[in-house]
1. Among the residues of the stretch A:159-177, are any surrounded by 24 or more Cβ atoms within 10 Å (Cβ to Cβ), within 20 Å of the chain's Cα centre (by Cα), part of a helix (DSSP H, G or I) and away from chain B (no Cβ under 14 Å)?
2. Among the helices (runs of 4 or more DSSP H) contained in the stretch A:406-496, which hold 1 or more residues that are touching a Gly at 6+ places or on another chain (Cβ under 7 Å)?
3. Just a yes or no: is a residue in the stretch B:148-171 over 25 Å from B:VAL23 (Cα atoms) and among the basic types (Lys, Arg)?
4. Of everything in the stretch A:120-142, what is within 12 Å of another protein chain (Cβ to nearest Cβ), over 20 Å from the mean Cα position of the chain (by Cα) and part of a helix (DSSP H, G or I)? Give them in sequence order.
5. Hey, could you check the stretch A:353-370 for residues that are not hydroxyl-bearing (Ser, Thr, Tyr) and not in a helix (DSSP H, G or I) and say which is surrounded by the fewest Cβ atoms within 10 Å (Cβ to Cβ)?
6. Quickly run through the stretch B:13-26 and pick out the residues that are in a helix (DSSP H, G or I) and more than 7 Å from chain A (Cβ to nearest Cβ).
7. Tell me which residues, restricted to the stretch A:545-556, are buried (at least 18 other Cβ atoms within 10 Å of the Cβ) and either without any contact (Cβ under 8 Å) to a residue 24 or more places away in the chain or over 26 Å from the mean Cα position of the chain (by Cα) (or both).
8. Give me the residue from the stretch A:329-352 that is surrounded by fewer than 20 Cβ atoms within 10 Å (Cβ to Cβ) and assigned to a loop (DSSP other than H, G, I, E, B) and, out of that set, farthest from the chain's Cα centre (by Cα).
Amino acid sequence: MADPAHESSPHGAPAHDDHAHGHGEHHEENFFLKYLWSTDHKMIAKQYMFTGMFMAMIGGFFAYVFRMNDAFPGMHVPGFGHVTPAAYNSLVTNHGTIMIFWVAMPVLIAAFGNYLIPLMIGCDDMVFPRINRLSYQVFLLSAVVLLAAFFVPGGAFGGAWTAYPPLSAQSQYNMTPHGAQLWLLAVALEFVAFLLGGINFVTTAMNSRAPGMKMFDMPIVIWMIVIASILFMASVGPLIAGAIMLFFDQTLGTGFFDPKRGGDPILWQHLFWFFGHPEVYVVLLPALGIVAEVITTFSRKKIFGYKTVLFTTFATGLLSFFVWAHHQFIAGIDPRMANVFTVTTVLISVPIAEMMFVYIATLYGGSIRLTTPMLWALSFLFAFIIGGVTGIFLGASGADIFFHDTYFVLAHFHYTFVPIAILGVFCGVTFWYPKMFGRMMNETLGKLHFWGTFVPFNGIFVPLFMLGLAGQHRRIWSYEHFPELSRPEFYHMRQFATVSLCIMLASQALFIFNFFWSLKAGKPAGKNPWKANTLDWTTESPPGHGNWPPGKLPTCYRGPYEFSVPGRKDDFWPQDEPN
Amino acid sequence: MKPIATTRSVTGIPTGRLAVWWVIASEIVIFGGLLSSYIMHRLGHPEFGDYAAHTKTWIGATNTFILLTSSLSAVLAHQAAEKKDGKTAFKYLWGTFAGGAAFLCVKSFEWYHEINEGYTITRNAFWSFYYTAAGLHACHVIGGIIIMAIISFDVRENRELQRVELIGNYWHFVDLVWIFLFPLLYIAK
């Protein structure tokens with residue numbers, strides 16, 4: 001336990017005085033030091049957030065281009081031009097790669113993790129600020145490497161984000177000799193960035209909590225980010241080994257994944273999905289955590305089962321290591337093995353469903369306030385339940401043989417990833433915007449943006465579910481040569497989805513406008529605009545350097561969700577109030 | 001004055017030690033993935049035994065001895081650091097450094113001869129695994145001795161003595177990986 005007396009001593013070494021001046025004042029630092037070389041967790045969080053949002057725009061643009069090609073084959077796509085088969089492949093590949101590794105990961109784990117962990121546990125920074133800075137720099141480099149692949153001879157990698165060999169290993173098949181290597185290098189660098197970040201998240205949450213804050217006093221979002229970081233660390237290792245092998249196959253000409261030379265292409269699938277499935281939970285858990293904070297705050301109710309959420313999260317994390325082969329049911333694995341993985345896959349829906357029930361039970365009987373963040377949180381539950389239920393179809397190996405690689409799969413995982421990376425992120429950004437920038441966002445614009453995103457999102461993927469059931473395969477540039485898939489009613493559904501996507505993308509202009517306009521014109525937020533309990537709301541908005549004034553670091557007295565406690569004047573009870 | 005984040009220790013474990021254990025944990029899964037891939041291949045390909053017959057067991061054994069000795073030196077450095085004897089710890093750290101460097105020299109000698117005999121990384125899957133696994137391990141040896149050299153000068157002045165233990169933990173891990181690699185790549189013929 002830290003010594004509070006020592007921490008709160010106002011008379012410290014000269015460096016400590018320096019620290020004191022920093023709070024609430026602007027440092028006289030140059031642009032480079034302040035924005036690019038900062039070790040402040042809040043600045044690094046914003047760097048991650050803005051980089052992630054920039055990448056989201058690129059990923060969204062890619063989606064627009066290939067959806068236009070799907071709906072209106074051979075058209076000259078405005079802003080891009082004619083989509084060749086090679087361009088189509090590299091666009092879908094990089095759309096997937098970007099949205100998962102350069103949008104969901106940096107925003108949900110790195111941005112929210114960096115911003116919230118020190119603030120919510122009552123600390124002045126991450127325990128390793130310089131490693132934190134290095135983590136962002138490596139991440140930025142990885143993004144540059146990924147995008148650079150579009151400008152090398154042969155173009156960017158087009159062998160799908162799963163990079164199965166031999167397509168990914170041999171340039172006579174993928175025809176992108178440099179693009180494939182740059183893709184692999186970018187992903188490897190990104191893993192390094194998140195391993196560095198993860199060590200910070202785990203050690204900070206373990207060791208630097210405010211005096212009085214027990215493990216089970218931590219807000220759920222912190223638990224979720226920590227568990228997600230541990231899942232990432234525990235699952236990514238084999239894929240790093242696999243990436244080294246694939247890189248040697250590409251560059252040195254080894255045959256790790258070449259059956260002619262004693263290798264095994266299925267080995268890559270195992271290594272990839274042993275990471276790839278836990279990765280779903282790595283990004284899901286922080287989003288679930290964000291939604292938990294928002295739902296409790298705007299229901300003015302204690303969360304229905306704090307420990308239930310945590311224990312189901314542990315169960316999910318553990319089970320997520322035993323489900324990976326459900327991605328490989330038609331890859332020639334032993335059918336007896338497929339049975340085992342069907343059982344574990346259906347089993348993992350139990351803890352996740354339990355979490356959903358806890359969230360819904362938290363809403364029950366609450367004084368619900370339909371603010372913009374709350375709308376995002378509710379839509380998350382709605383969409384994620386559809387994603388989860390369609391997942392059960394795919395987890396059953398018998399059904400999956402039919403569904404495999406159709407648009408049904410695609411629609412299913414977009415009904416999980418869009419709630420995570422889009423709805424969850426907007427939920428978090430609109431909820432913590434007042435803390436990050438000191439001003440409120442405009443609610444009307446926020447709600448318009450919400451409906452403009454959520455309704456078209458369903459408009460995109462409901463038709464794709466139906467197309468998938470009708471047998472439409474993924475990753476096909478043109479359906480011209482498939483008479484069964486070229487019927488006019490199929491094109492109508494594709495066009496409906498594409499038009500929905502265009503409306504959804506156009507609606508993002510509302511968010512961007514609201515974001516920057518509110519920076520200047522928003523109503524000042526004050527310390528605690530939502531009347532929430534966690535420690536991040538006990539300091540100024542935005543918090544100064546060191547988060548709290550020197551000597552004023554909070555002490556924690558209770559759990560984070562004490563809303564509407566009988567006998568109290570206010571319906572909330574901040575964690576740092578003695579009573 | 002350090003930031004408060006670094007000085008708190010709710011678990012009672014120093015933050016640096018906690019972090020090094022997390023690094024080692026993530027390293028274990030990297031080597032775990034590589035070695036289990038190798039073992040699965042090996043079980044499916046009995047001919048790997050014949051290829052492995054061409055590895056030079058006595059060189060591998062020499063390297064095992066060198067690496068274990070260097071770990072002893074790391075333990076002695078830690079012992080000295082516990083007694084706040086930075087000068088002795090400095091000497092032992094450089095003893096470990098010498099062990100790591102000797103290991104790399106022997107390894108280069110070995111690879112030089114193997115490559116000259118035609119056993120290159122592209123020869124077959126066994127040799128691909130052989131060079132990849134041992135190469136990844138050698139990268140960890142190189143990283144370890146560089147860090148050791150960098151921290152040794154502070155240690156000599158009795159500053160940051162806890163680092164001796166941290167680099168020692170890492171070094172034992174590198175040693176342990178080799179204890180797995182040696183039988184898997186050299187002895188199992």
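1. No, there is no match, as no residue in the stretch A:159-177 is surrounded by 24 or more Cβ atoms within 10 Å (Cβ to Cβ), within 20 Å of the chain's Cα centre (by Cα), part of a helix (DSSP H, G or I) and away from chain B (no Cβ under 14 Å).
2. A:407-418, A:425-437
3. Yes, that holds for at least one residue.
4. If the condition is that a residue be within 12 Å of another protein chain (Cβ to nearest Cβ), over 20 Å from the mean Cα position of the chain (by Cα) and part of a helix (DSSP H, G or I), then A:ILE121, A:PRO129, A:ARG130, A:ILE131 are the ones that fit.
5. A:GLY365
6. B:GLY16, B:ARG17, B:VAL20, B:TRP21, B:ILE24
7. Passing the criteria: A:HIS545, A:GLY546, A:TRP548, A:PRO550, A:LEU553, A:PRO554, A:CYS556.
8. For the stretch A:329-352, the residue satisfying everything is A:ASP334.
The values are calculated or read from the model by the stated rules, or taken from the named source; none is laboratory data. Keep in mind it's a predicted model, so treat the numbers as computed, not measured. Using ideal geometry, Cβ is built from the backbone for each residue, glycine included, and neighbour counts are taken over all protein chains shown.
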